[in-house]
Structures are given as C-alpha cells and as structure tokens.
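Worksheet for the structure shown next.
The values are calculated or read from the model by the stated rules, or taken from the named source; none is laboratory data. Since the structure is predicted, the reported quantities are computational estimates derived from the model, not experimental observations. All Cβ positions, glycine included, derive from the backbone under ideal geometry; neighbour counts span all protein chains shown. Calculation scope for accessible area: heavy atoms of the full protein, side chains included, ligands and nucleic acids excluded. Shrake-Rupley method; radii C 1.70, N 1.55, O 1.52, S 1.80 Å.
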Amino acid sequence: MRGSGDCAPLVVRLLADPVRWALVRQLAYSDQLVRELAQVLGQPQNLVSYHLRRLRDGGLVASRRSSLDGRDTYYSLNLDACSRALSDAAAAVHPGLVHWPGQGQGEDPWQVPAVPRVLFVCTGNSGRSPMAEAMLAQRAGSRILAGSAGIRPKPVHPMAVAVMMDRYGVDIAGRRPVSVEAVAGWRFDFVISLCDRAREACPRFAGRPGRMHWSLPDPASGEGGQASYLAFERTVNDLDTRIEFLLRALTISE
C-alpha cells in the first residue's frame, strides 16, 4: 500500500474549497468580473478576490484587463491547464480513471438541444466572431449551427482571412458582415460575446439563449504588418482552445 502521507495534487487541494470550486464552475461557463462572481456566490468581494488569486497562482485561472473599462478585470478559466491537472490527479488515484467513460451529471447550465445554434458576437464582425464561426462550423459539421454578428459591422479584416487560410484552409474572405440587430429575433441556444464592448451592447435575443462571454483583446487594434498577423494568430490560438472545449460540451451526449 502507498503511504498515507502522500500529498494530494495541488488541483485537488485548490478545488476542495467550496468557494474555489464554485468559482471554477462559474468561469467554466463564461469569463466574469470579480463583482459579478461575488454577487452570484453571495460572498464578499475581497474573499472572492483572495480565492481567485489562489486559483491564478495555481495556474487554473487567468486574468485580463477589460478593453471597455481598464479599471475592471475579467477572469477566465485556463481550460487546458485544468484539463491536464484534473487528468493527472485522476491518474494519481488510478490510471484507468483517466479514460473513465462516464459523465458527471448534477446541475447543467448548458441545457444542450439536439442541434444547438451558436452565435458569436464581437464589435465589428470582422475578426474574432467570423473566425470563431468558421472554426466551429468546420469542426462541428452538421452537429452544430454556427453564426456570427457585430455591434457595428464592417468588412472582414484581411489578417483574419490570412490566418484562417494558413491555419485551417478556410476562406472567409467572401463573407458579408452581419448586424446583431438583424439577427436578434432569430432563435439561438447560446450567444457568445467575444469582446467586452460587445458584451455590454448586445441586445436581448428571442428565446432567452444562454449567454457566455469570452474576453478577447481586439487583434486589429495594433499596428499593421507582421505584428498584426501575430496578434490574429494569438486570437486564433485562444479561440482554438475555447472552441475545442465548447464542442466537447455541446456534443457531450454523443
């Protein structure tokens, strides 16, 4: 038998605290501000900040200043780090647990229909949202219907076109920008805002879809040339991870 003094993995010790567990559950669904998390959890804001700092120090949570109001900070779950840490912790108990086929039930904020409809929204519908739409559509095929729209639509950014073609062989050059107002009456199951301004400016949608927020910086806000291309690459890398885990959640019953 192994010694009883073995120390539990860090992820287990971090998530054993009920407040930190609740924070991770909230951030798994959407990026949020400290005051929003404090309100949802019914905890003092300074206590929530303390636990967020512990999760961030443990590599499970990341933070980024809001592009809408620099005084605010959005917190997000580091999905890759959580996946690796939880998998390693399960393997430390028994190697077979890593490939355990069962799925936890409990409260499910997703409420996924047979063919979910997902709308990505950013300010211009020129970079982040059309890239996200194309990535999800390519991976999901007919299992998910993906769309995108913008608060103030403008033509697709040439660097978005270049990065999507280079990385995925997907041509988004011919797509036309769509106003979020034009699709507000359509039925969506999930509406995902990709920038802080779009989150605040989104109208109400028919059918009360699930609302998520991914706080991504605008890759078009910097200088042009190679630096701009690299900024779009960073955005694509972030979207790549988030969409991979979104796809797993939306097709969890398959």
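Taking Ser142, Ser215, Ser76 in turn, the Gaussian network model of the chain (Cα-Cα springs below 10 Å) assigns the largest fluctuation to Ser142. Spatially, the stretch 165-241 and the stretch 5-43 are offset by 27 Å when compared through their Cα centroids.
Note on the chain: with a GNM built from Cα contacts shorter than 10 Å, the maximum mean-square fluctuation among Trp186, Trp214, Trp21 falls on Trp186. Using a 7 Å offset from Cα along Cα-Cβ at Ala249, what residues in the stretch 18-57 end up with backbone N under 13 Å from the label point? Those under the cut-off are 24-32.
Our compactness index for the stretch 174-219, the C-alpha radius of gyration over the empirical 2.2 N^0.38 Å, is 1.19.
Taking only the alpha-carbon positions of the stretch 117-254 and ignoring solvent, what does the Debye formula give for the base-10 log of I(q)/I(0) at q = 0.16 Å⁻¹? Each listed q maps to, in turn, -0.76. Accessible surface of Tyr29, taken over heavy atoms with a 1.4 Å probe and every protein chain present, rounds to 40 Å². If the Kirkwood radius is taken over C-alpha pairs of the chain, then at 37 °C and 0.692 mPa s the Stokes-Einstein diffusion coefficient equals 168 µm²/s. Averaged over residues, the count of other Cβ atoms within 10 Å places the peptides 118-126, 171-179, 150-158, 190-198 in the sequence 118-126, 190-198, 150-158, 171-179, highest first. From its DSSP helices (H runs of at least four residues, each -39,500 (n - 2.57)), the chain gives a residue-normalised ellipticity at 222 nm of -13500 deg cm²/dmol.
How much length, in nm to one decimal, is gained on full extension between Leu230 and Asn46, taken as 0.36 nm per residue of separation minus their Cα-Cα distance? Walk me through the intermediate numbers first.
Working: separation 184, 0.36 × 184 = 66.24 nm, distance 3.66 nm.
The Leu230-Asn46 span can extend by a further 62.6 nm.
Global dimensions of the stretch 123-172 from alpha-carbon coordinates: Rg and Dmax equal 10.7, 29 Å.
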